[in-house]
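Below is one structure, written out as structure tokens, with a few remarks after it.
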Amino acid sequence: MLKDNVNDLISFMVVARERSFTRAAAQLGVSQSALSHAMRNLEARLDVRLLTRTTRSVAPTEAGEQLFRRLSPHLLEIEQELAALRDARDKPAGNIRITAGEHALTAVLWPVLKPFMARYPDIHIEVSVDDGLTDLVDGRFDAGVRLGEQIARDMIAVRIAPDMRMAVVGSPDYFARHGMPDTPEQLEDHRCINLRLPTRGGLYAWEFAKDGRELRVRVEGQLTLNNLERRLDAAKAGLGLAYVPEDTIQAAVADGQLVRVLEDWCPAFAGYHLYYPSRRQHTTAFTLLVEALRQG
């Protein structure tokens with residue numbers, strides 16, 4: 001009886017976490033019918049309904065959610081201990097899930113991940129590209145990569161990149177037709193390529209600072225894009241001015257495709273950091289990745 005309860009409780013935790021019999025069965029290595037049968041048996045033994053089932057989804061009931069919350073910390077501890085045992089092998093192994101913005105992935109994370117994965121073939125890494133401020137716990141991520149100013153105080157933050165700057169750029173043809181702005185306020189008279197961040201809802205206000213004066217300018221334009229490469233393409237095509245990380249425009253400025261303006265209004269700010277919950281015990285695989293990112 002004890003063995004059945006433990007096995008079925010573990011199965012229930014996976015179902016409740018994944019909200020899917022299909023995904024849970026795949027993780028547990030059992031058939032969906034066997035998993036569904038085990039859940040019915042568990043509910044019968046406990047004499048309480050734990051899951052609400054429909055033809056397309058499954059979700060914990062109020063009692064099931066309460067049980068899930070109580071057991072989750074214990075299940076996490078068991079998983080961490082098992083991961084620690086696996087780490088004792090000659091080759092570091094494990095799974096690491098990271099959330100990062102588009103530019104952070106390209107500029108900082110990906111150049112490190114390529115040699116890292118070649119060196120440690122048993123470490124599996126999943127990267128979710130999301131420019132929003134994803135909740136690590138809710139998303140079940142091990143870590144995230146964001147700008148220093150965006151990280152909550154209850155997180156451990158490790159700097160993995162130097163300070164960075166933003167840049168306002170446009171094509172020579174655009175400036176020939178519309179002139180160049182001398183101050184950020186004059187951007188209101190220009191066609192600008194807007195960005196909408198998922199966590200903010202509204203259009204992103206371009207940020208500037210000079211001589212202790214800070215400005216946030218809400219620009220207007222024909223085009224809104226949340227893809228960095230496409231914003232650069234649009235600026236090169238003369239569709240408007242773009243506000244992008246400085247490192248992304250250096251080559252285009254050097255070869256004359258883009259012209260930079262308002263450079264003295266774009267100061268440096270804290271660059272990218274790897275951040276993760278302070279209370280979580282990490283595996284050797286994760287520690288190795290943190291050190292690789294720290295060294296760059």
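The values are calculated or read from the model by the stated rules, or taken from the named source; none is laboratory data. Quantities reported herein were computed from a predicted structural model and do not represent experimental measurements. With ideal geometry, Cβ positions are generated from the backbone for all residues, glycine too; neighbour counts draw on all protein chains shown. The area values use the complete protein model at the heavy-atom level, side chains included, leaving out ligands, DNA and RNA. Shrake-Rupley method; radii C 1.70, N 1.55, O 1.52, S 1.80 Å.
Observations on the structure shown:
- Within the set 253, 219, the sole residue that is in a helix (DSSP H, G or I) and of a type outside the set (S, T, N, Q) turns out to be 253.
- Exclusive hit being over 23 Å from residue 78 (Cα atoms), out of contact with any Ser or Thr (no Cβ under 9 Å at 6 or more places or on another chain) and hydroxyl-bearing (Ser, Thr, Tyr), set 61, 54: 54
- Candidates in segment 66-97 are the residues that are surrounded by fewer than 14 Cβ atoms within 10 Å (Cβ to Cβ), of a type outside the set (Lys, Arg) and in a loop (DSSP other than H, G, I, E, B); of these, the one that is modelled with the lowest pLDDT is 88.
One line per residue, one yes/no per condition, for (1) open to solvent by less than 30 Å² (accessible area, probe 1.4 Å); (2) part of a loop (DSSP other than H, G, I, E, B); (3) modelled with pLDDT of 95 or more; (4) out of contact with any Lys or Arg (no Cβ under 8 Å at 6 or more places or on another chain):
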{"residue": "181", "(1), (2), (3), (4)": "yes, yes, yes, yes"}
{"residue": "198", "(1), (2), (3), (4)": "no, yes, no, yes"}
{"residue": "257", "(1), (2), (3), (4)": "no, yes, yes, no"}
{"residue": "280", "(1), (2), (3), (4)": "no, yes, no, yes"}
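- The test for being out of contact with any strand residue (DSSP E or B) (no Cβ under 6 Å at 6 or more places or on another chain), assigned to a loop (DSSP other than H, G, I, E, B) and modelled with pLDDT of 95 or more does not hold for residue 138.
- Residues that are at pLDDT 90 or above and more than 28 Å from the chain's Cα centre (by Cα) were ranked within segment 47-60; the one that is surrounded by the fewest Cβ atoms within 10 Å (Cβ to Cβ) is 47.
- Complete set of residues in segment 28-60 that are under 19 Å from residue 7 (Cα atoms), in contact with a Phe, Trp or Tyr (Cβ under 9 Å, 6 or more places away or on another chain) and touching a residue at least 40 places away in the same chain (Cβ under 8 Å): 60
- Some residue of segment 204-212 being modelled with pLDDT under 95, among the aromatic types (Phe, Trp, Tyr) and assigned to a loop (DSSP other than H, G, I, E, B): yes
- When residue 188 is tested against (1) within 20 Å of residue 217 (Cβ to Cβ); (2) at pLDDT 95 or above; (3) open to solvent by 40 Å² or more (accessible area, probe 1.4 Å), just one condition goes unmet, and that condition is (2).
- Listed by first and then second residue, the pairs with beta-carbon distance under 8 Å, at least 6 apart or on different chains, first residue in segment 61-83 and over 22 Å from residue 51 (Cβ atoms), second at pLDDT 80 or above and surrounded by 13 or more Cβ atoms within 10 Å (Cβ to Cβ), are 80/283; 83/94; 83/283.
- Near pairs, Cβ below 6 angstrom, 6+ apart or cross-chain, from segment 145-173 (part of a strand (DSSP E or B) and surrounded by 13 or more Cβ atoms within 10 Å (Cβ to Cβ)) to any residue that is modelled with pLDDT under 85 and not hydroxyl-bearing (Ser, Thr, Tyr): 157/151
- Checked against (1) in a helix (DSSP H, G or I); (2) under 16 Å from the mean Cα position of the chain (by Cα); (3) more than 20 Å from residue 198 (Cβ to Cβ), residue 118 meets all criteria but (2).
- Total residues in segment 9-34, condition under 17 Å from residue 68 (Cα atoms) and either open to solvent by less than 20 Å² (accessible area, probe 1.4 Å) or of a type in the set (S, T, N, Q) (or both): 8
- Test for residue 138: is it acidic (Asp, Glu), in contact (Cβ under 8 Å) with a residue 12 or more places away in the chain and open to solvent by 60 Å² or more (accessible area, probe 1.4 Å): no
- Sole exception among (1) surrounded by fewer than 20 Cβ atoms within 10 Å (Cβ to Cβ); (2) touching a strand residue (DSSP E or B) at 6+ places or on another chain (Cβ under 7 Å); (3) free of Cβ contacts under 8 Å to residues at least 40 places away in the same chain for residue 211, by number: (2)
- Among the residues making up segment 236-262, those that are more than 29 Å from the chain's Cα centre (by Cα) and not basic (Lys, Arg) are 237, 238, 239, 253, 254, 255, 256, 257, 258, 259, 261, 262.
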